[in-house]
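Asks: My structure is below; once you've seen it, I'll send some questions.
FYI, it's all coordinate maths here, none of it is from the lab. All figures in this text were calculated on a predicted structure; none of them were measured in a lab. Cβ sites come from the backbone with ideal geometry, for glycine too, and all protein chains shown count toward neighbours.
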């Protein structure tokens, strides 16, 4: 039996139920900007050493909650665990992004792809169980995965990219191969998220970090359709509890109507989107998550508070059947001063309570 | 006296006048993907050696016109000539992007900025005159500049960036300093574009390459307002000829209505924008330019032609008082096979003529 949840504001906001304040968590909240994270990372020796060890993963997941009254925890892991389990050989060189030993660019490599045995990802599910137990009902735990398209970008490029030349070349030249990669990815991601839910994840998020680099028309066919394929297979309930699903497309602001119809309960927004306009457009069917520019956190605490209020004002006063989860529009930078996050979280809680008072705001 | 213009389809489309085909040119059409460009570059020794020499600049500007029946030429230069003339010391290391010797991050550096003496940019205006003469009326010549915000990104970061941390930190922490940089940039860019027009540029384009990285609200205040300030000072006529003005904001698709009201005749679009929707929204007040993903050019000639038709179909059949200039949604990649451009230009001309036939399309 799990401990009863003491703070369910995040789950309630996801389902557009009333909350006393706007819940807040931050993408990459367990990360390099925290000295305690860097200390654990040093003990673990490498990023994958950290991510694959249940005890370390639990430790770093809980670190930001010790510092800040955040309303949700998110599993500490990487979006590329699934292609790693497919045998592509993920590594992280110091000071660089992720690299795959094998790239998927030709017919043979595509044909060899299959949904990996979920036992290869056991370390992730073990971490989920361990974190859930350590949280002891404090706040809900979010599980996650990269979207099929975002995983495909890394699998074809072999790492990060600034022009997506390889993956787009394959998509335009051999759409059949790209569709096959995306089918395998979608089925793998669905199984992966379901196993996280079985292990204790109370909500799940799909990161379509690179959906926004696609052309109109191609986004729908090569990214969104496969996110839908994932969501259609991911369970919506576990042990009698609703499991909210969040879909975040960086740079997806032009396709919000279509994204909101993909089957998620929550649509994640980056800072280019006007939150008030998005609420008017979508607020009756999904909750919204976002959307402070993480670079705001390099300004003074007063400036941080001002920009936090601007985001909350942009969403507007909470109303019936609307939901907002405060977040950044992208992962927090490793260079962020930790005291900026103190100001952010405090201002979200304080000001959003004020907006809920009869004559507040 | 200049030679009369033999092909004015580009200028006509900018002003939403009828044309027999959709005019086409490509951002960075004179560039590294062409072997003849690389040969001239080698003779010149360095990128700045190329850009500052009138004869070389003329030679490379005309190279793509020798290969392809493009409908416009664009001055060969760099968007960072203006901050270089401000004394920041621009250089290009091999295989890297632009670098400034001095960065503009503090009160003293901002206070020292001023609109540079346009004589320091004489090499650009000389190149414009020389190119105009060499074109001999074949197609019109486009002049250009980076937008005030885009120039500021490079001036504060000291070069390219993937997170815009320095420039956004300054903007959030010291908006007063950022506004002062942008004022100086806007006045300098306006003087620069006017001098290009005086030297022979028949249209001008403002590249807001990094406007799309700003948050909603900040884009309007820190990028668009200063593009407006430029456009309000740039002449609309020269020697009795209208000088069309193009404003291109990469990633600006969410702000098209506001961009279309900035004072430009043409709005440039990247590939994330649905061209048909943009036409319905803006087509009565501005012409549209764009928007093929340059990565399409890595596929087969047949696939290139198919995607070109998709862009033309998305804009739809030409009608009265509408204008479309075919272009990429970003500069052409140095890795592009030159024969892909042959297919692109031919398909734009052939298919757009077909769309203009009474029962075409």
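Asks: How much mean residue ellipticity at 222 nm does chain A get from its helices, if each DSSP H run of length 4 or more adds -39500 (n - 2.57) and you divide by all residues, to the nearest 500 deg cm²/dmol? Can you show the working numbers first?
Replies: Numbers: 14 runs with 153 residues, N = 361.
When only DSSP H runs of four or more count, the value is -13000 deg cm²/dmol.
Asks: Alpha carbon centre of region A:73-135 versus region B:10-61: separation in Å?
Replies: Centre-to-centre distance over Cα atoms comes out at 45 Å.
Asks: Suppose we keep just the DSSP beta bridges with both residues in the protein assembly as shown; what percent of those would be antiparallel, to 5?
Replies: In the protein assembly as shown, DSSP labels about 20 percent of beta bridges as antiparallel.
Asks: Further question on the same structure: If you line up the Cα atoms of region A:9-355 on their principal axes, what length do they span on each, largest first, in Å?
Replies: Principal-axis extents of the Cα atoms in region A:9-355, largest first: 59, 46, 42 Å.
Asks: A further question follows. First measure r as the distance between the Cβ atoms of residue B:114 and residue B:258, then evaluate 1/(1 + (r/R0)^6) with R0 = 22 Å and state the FRET efficiency to the nearest 0.05.
Replies: On the way: r = 29 Å, r/R0 = 1.33.
Efficiency, from the Cβ-Cβ distance: 0.15.
Asks: Which parts of region B:176-214 would a label at residue B:17 reach, counting a residue when its backbone N lies under 15 Å from a point 7 Å out along Cα-to-Cβ?
Replies: B:202-203
Asks: Would you calculate the separation in nanometres between label points at residue B:220 and residue A:357, each defined as 7 Å from the Cα along the Cα-to-beta-carbon direction?
Replies: Each label point is offset 7 Å from its Cα along the Cβ direction, giving 2.8 nm.
Asks: Okay, moving on. Taking 0.36 nm per intervening residue step and subtracting the Cα-Cα distance, what contour gain separates residue B:179 from residue B:235 on full extension? Please list the in-between numbers first.
Replies: On the way: separation 56, 0.36 × 56 = 20.16 nm, distance 2.38 nm.
Contour length minus Cα-Cα distance gives 17.8 nm.
Asks: Which distance in Å, rounded to a whole number, links the C-alpha centroids of region A:198-272 and region A:136-172?
Replies: Centre-to-centre distance over Cα atoms comes out at 13 Å.
Asks: Now for a separate question. Report, for residue A:337, each distance to the same residue's label point in the other copies, shortest first and in nm; define the point 7 Å along Cα→Cβ.
Replies: Going from nearest to farthest copy, the values are 5.4 nm.
Asks: Mind listing the label-point distances from residue A:350 to the same position on all other copies, shortest first, one decimal in nm, points 7 Å along Cα→Cβ?
Replies: 6.7
Asks: Working from the alpha-carbon coordinates of region A:206-361, get Rg over Rh, Rh being the Kirkwood radius.
Replies: Radius of gyration over Kirkwood radius for region A:206-361 works out to 0.99.
Asks: Of the residues B:110, B:82, B:266, which exhibits the maximal mean-square fluctuation in a Gaussian network model of chain B defined by a 10 Å Cα contact cut-off?
Replies: Top of the fluctuation ranking is B:110.
Asks: Which distances in nm, rounded to one decimal and ordered from shortest, link the label point of residue A:285 to the equivalent label points in the other identical copies, with labels set 7 Å from Cα toward Cβ?
Replies: Distances to the matching label points in the other copies: 2.9 nm.
Asks: Pull up the DSSP beta bridges for region B:9-356 and report the antiparallel fraction as a percent, rounded to 5.
Replies: Beta bridges within region B:9-356, antiparallel portion: roughly 20 percent.
Asks: Mind jotting down a quarter of the surface of the convex hull over the alpha carbons of the protein assembly as shown, in square nanometres, one decimal? Intermediate values should be presented prior to the final figure.
Replies: Working: hull surface 123.9 nm².
For the protein assembly as shown, averaging the hull's shadow over all directions gives 31.0 nm².
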